[in-house]
Amino acid sequence: MSEKNIFDEMWGSDDVLRSPYSEFQSWFQGEDLKRLRAKQREAEEVFRLAGITFNVYGRAEAEERLIPFDIIPRIIAGREWQRLCKGIEQRVRAINAFLHDIYNRQEIIKAGRVPQEMIAKNEAFLPQMIGMTPPGGVYTHIVGIDLVRTGPDQFYVLEDNARTPSGVSYMLENRETMLQMFPELFSRNRVQPVQNYPTNLRRSLAACAPPACEGTPTVAVLTPGIYNSAYYEHAFLADQMGVELVEGHDLRVVNGRVAMRTTHGYKPIDVLYRRIDDDFLDPLNFNPESALGVPGIMDVYRAGGITIANAPGTGIADDKAIYSYMPDIVEFYTGEKAILENVPTWRCSEPDSLAYVLDNLSELVVKEVHGSGGYGMLIGPTSSKKEIEEFRKKLTARPGNYIAQPTLALSTVPIFTKTGLAPRHVDLRPFVLCSPEGINITPGGLTRVALEKGSLVVNSSQGGGTKDTWVLED
Amino acid sequence: MLGKTANGLYWMSRYLERAENTSRLVETGQRIGLTRLGQDDDEWASVMQSASVLAGYQEHHDEVTKDAAINWMLREKANPASVLSTISEARQNARMVRTALTHEVWEAINGCYMAVKDALARKVSERDLPAVLGLIRQRTALVRGATHGTMLRNEIYDFTRTGTFLERADATARILDVKYYVLLPSAFAVGSSIDNVHWETILRSVSARGGFRMAYGSQVNARDIAQFLILDKRMPRSLNFCATKIHNNLSYLGADYDTPPQSSLMSKTLVERFMNHNIDDVFEYGLHEYIQTVLSMLGKLGQQIEKDYRFYE
C-alpha cells in the first residue's frame, strides 16, 4: 500500500499493519465500498446543512465552500501522543517565556542567542506591548502547533501558530460527524474525547481575567463578521462556550472598560477572544483605517481593564524567520533540549545560506517569511524549470524575505477514494490552551490532508481536506 | 443580549414571514388567474400591489405579464422582497445570530435557503410552479416548527415573535389597503360573481378560506370578511390577533426594565384603541382611513422597537 521511502501511518514503510489501525482494518475489511461511498456523500450533506463552510477570498461567486472531509480517521496511539504532548508543552512554555522576555528585559538578545535585528526590524513586533505583562502572564492563550511526521518516531514542528490559529471547529465537527456516521467504530476503539475543548477554552480564558474584573468574568468572541473566511468557527466557538459573539461596532470604551451594546445598554467585557489581526484591533493605536476593531481598546488593555486573547504582538513568536531560532529559544528558557525537532532551515538573509539555497532550489521548499496559507511558496521537486527560474529572480531580489527547508517525506494516511483506500500526505495541528492554571492539550487536533496523489500541499485554500484525528487510550 | 442580536432575530423573522407572504400571494394570483376565463393579467398588478412590489416591478418592466410578475415575486435579485431575496436575507441574519439559535432552527433555515435557492436557480415554468410553491411553504413551515419546538421562551423568542407578527400585521393591512373597496358597505349589495372573486382573493391571500368557512359557514359576505381579517381573535393573520401578539411579546421584553420602553406603550395603544371595536365602528371611522392609520402605527412601532432595544449604534 505504501510508496517507497514514505512512512504510511497505517502500513508503516514495509506494508505491515501498524497496531493503532488493527481494529480499524478488521472493520474496514467487513465493509461494503458502496455503503462507504454513500457515507462519504452523507458526510458532505451534514457539513453543508450545518453551514460548515469557508469563504474564499477574491471569489465573489464561489461564496461559501466546503472543506472536503475524508471519512477515514487518522489514528495515533496513546503513547505516541504522550511523547508529542511533552514536546508541545515545552515549546508553548518557551514561546510564552520568549514573548515576555522580548517585550520586557530582552535577555535572549543580550545573551546573543537571537539577533537584535530579528526583533527590531520585524513588523510583528509591537512597540505598544513593551513593558506590559498581560493578565495572568499569558500571551498565547490558544496555540496551534503544526506538526509533520516522517517516520514512526520522527516528528517535526513545521510552524507555530501563536496569533489566532483556526481550525478547531473542524476538529470538533469532524468528530461529531464520525460519531453519527460510524458509531460502531467508536465501540471497537477507545478514542480519547475532544468534546471538552469549548468548556476548557472558556475556563482557560476566564482564568486570565483582568484586574478590573468583578465576579464571574464575562467572555466574548470578537469576529470581523459574517463575510470572514472563518466566521463559521467564530460563531461555533461562541455558541459552544455560551458567550456573546461580537463585532467591532457592538463595542465601545465606556468608563474605562470595553463594553458591548446589549438591549439593556452597555455591559463590560472582561476577556475578549479576538479573531481579528493585531493591525485591525484598534484604529487609534494601529491601522487607523480599521473598522473591525475598537478605538481605544489598547489603552484599556494597558490599564488592566480587559484581557485580549491572544495578546497583541504574539506574532513575533511564530514568524518564519524566528522559527529557525526556536531550538535555541526552547533551550534558553527551559534549560532543556527541545523535545520536538525543527525542520532544518536556511535563512536566506545569510549569504552562505542563500548561496546554498540558490544552488539547490530544485530540491528545497522556499517560503515567504511572513506568508501563510500555502501562498507564495516554491516546492522545488514538483516545480517546472520555468517556475524555479522565476522564483530565483524573486529570491535574489529580496533574500531576507525567504527561508528554505528540505522537502520532507511527509507521512501518508489512507483516504477513501472510489476504488478504496489510497495513501495521501498529511500534517497535524494540535490545539493548546494556556492559562495560569496550566497547559491543556486536546487529544487529537486537526489533520489536514492533500487530496491529490503525491501532493504535499495540505492547505484548505489549495484544495486540501480534513480528517478526524483519533488518539487511542492505550 | 446584544442589540445586534435582537436586530438579527427580529429581521430574520420578518424576512421569513415576508417570504411566506409573497409566495402565498403568488399562489393566489396563479389560482385566480386560472379560474377566471377570458381575463387578462390585470390581477397580477393588484397581487404585486398587495405584496408592495408593484412600484419596483414597474421600474424594470413596461407591462404587467403573468410570467414576469411571477418571476419578479419569486426570484428577481433586483426585488428585495422576492422570495429568493427575503430567504437569503433571513439566512444571512440567522448566520449573524447563529449563537442565539438552536441547532435545529439554524439547520432548518439553512436547509430552507439551500432548497429554495436550488428551486429558484432558473425561471420556474408553469408546470413546476405548484411544486416550487409547495416547497417554499414546507421549508418555511419547518423553520417555524423548529422555532416553536426547540427555542427557549426567553427574550430571543420574544424578538423573533415580535418580528413575525409585525411583518404579518403589516402584510394583512396592506392586502386590506389594496382591496378595501370591495369590502365597503356600498359594495355589500352588489353580490356579483366579480365580487366573489375579489373576496376569494382576499381570503386566499391570508390563507383564511378554511378558517372563514369554519367560523361563518359557506355564506360569504364582505362585512364578515372585514370582521374576520381585522378584529377576529382566533384568526392568526387578523390585525387584532397580530397586534395582540406584538403587544404581549413587547410586554415580556419590557418587563425587565424599570420603566416600560416606549414601544410597549405604543403597542398597548394600538391594541386598546384600534382592536377593541366591532366592525361597524370601523366602517363608521372609515375603513380606508382605519387601515391607513394602523399601517402608519405599525411603521412607527417598528422604528421605536429598533430604538428601544438598541438595534443600531
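Quick look at the values:
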item	result
Cα-based equivalent ellipsoid, segment A:344-407: semi-axes from gyration tensor eigenvalues, Å	15, 13, 11
Taking the convex hull of Cα positions in segment A:232-283, its mean projected area over all directions (nm²)	4.2 nm²
Along chain B, longest interval not containing exposed chymotrypsin sites (Phe, Trp or Tyr not before Pro), exposed being DSSP loop plus at most 14 other Cβ atoms within 10 Å	B:1-256
Amide H contacts of A:T307 (H built 1.01 Å from N, under 5 Å, at least 5 apart or other chain)	A:V271, A:L272
In order through segment B:52-67: 3J(HN,Hα) via Karplus (6.51 cos²θ - 1.76 cosθ + 1.60), integer Hz, x for Gly, Pro	6, 10, 5, 4, x, 4, 5, 5, 9, 9, 8, 10, 8, 10, 4, 4
Label-point separation in nm, A:R48 to B:A131, each point 7 Å along Cα→Cβ	1.7 nm
Loop trypsin sites (Lys or Arg not before Pro), segment B:219-282, which have at most 11 other Cβ atoms in a 10 Å radius of their Cβ (DSSP)	B:K233, B:R234
Cα-only radius of gyration and Dmax that characterise segment B:273-313, units Å	13.9, 44
Residue mean of other protein chain beta carbons inside 10 Å, B:91-100	5
Rg(Cα) / (2.2 N^0.38 Å) computed for segment A:212-351, rounded to two decimals	1.28
Theoretical gain in end-to-end length, B:T269 to B:Y312 [0.36 nm per residue, Cα-Cα removed]	13.0 nm
Of the GluC sites (Glu not before Pro) in segment A:260-356, those whose Cβ has at most 13 other Cβ within 10 Å and which sit in DSSP loop	A:E289, A:E336
Residue pairs, from the table A:K267/B:K268; A:K320/A:K393; A:K121/A:K267; B:K77/B:K179; A:K86/A:K393; B:K245/B:K307, whose Cα atoms sit over 31 Å apart	A:K121/A:K267; A:K86/A:K393
Gain upon complete extension [A:D15, A:A212; 0.36 nm per residue less C-alpha separation]	65.0 nm
Equivalent ellipsoid dimensions for segment B:1-151 as semi-axes, Å, which come from the Cα gyration tensor, largest first	30, 16, 12
Gain upon complete extension [A:E184, A:T199; 0.36 nm per residue less C-alpha separation]	2.7 nm
Nitroxide proxy distance, nm - points 7 Å out along Cα→Cβ at A:Q25 and B:Y216	7.8 nm
At 0.692 mPa s and 37 °C, Stokes diffusion of chain B via Kirkwood alpha-carbon radius, µm² per second	163 µm²/s
D_trans [Stokes-Einstein, Kirkwood Rh over alpha-carbon pairs] for chain A, 4 °C, 1.567 mPa s, µm² s⁻¹	55 µm²/s
Per DSSP, loop GluC sites (Glu not before Pro) in segment B:1-77 with at most 12 further Cβ within 10 Å	B:E63
DSSP beta bridge pairing in the protein assembly as shown, given as percent antiparallel to the nearest 5	75 percent
Dipole of chain B [Lys/Arg +1, Asp/Glu -1 at C-beta], most positive-end residue of B:I87, B:L25, B:I246	B:I87
DSSP H segments from chain A that extend 24 Å or more along their own axis, Cα-based, with Kyte-Doolittle mean of -1.0 or above	A:33-50, A:78-102
Distance (nanometres) between label positions extended 7 Å along Cα→Cβ at A:K385 and A:R35	5.4 nm
Per-q log10 I(q)/I(0), segment B:154-313, q = 0.10, 0.13, 0.17, 0.21 Å⁻¹ (Debye; single scatterer per alpha-carbon; no solvent)	-0.38, -0.61, -0.95, -1.32
Against the rule of thumb 2.2 N^0.38 Å, how large the Cα Rg of segment A:189-268 comes out	1.27
Long-range amide H partners of A:G444 with built H, under 5 Å	none
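All of the numbers you see were taken from the coordinates with simple rules; none came from a lab. The model shown is predicted, which means the values in this text are computed figures rather than measured ones. Glycine gets a Cβ as well: all are built from the backbone with ideal geometry, and neighbour counts include every protein chain shown.
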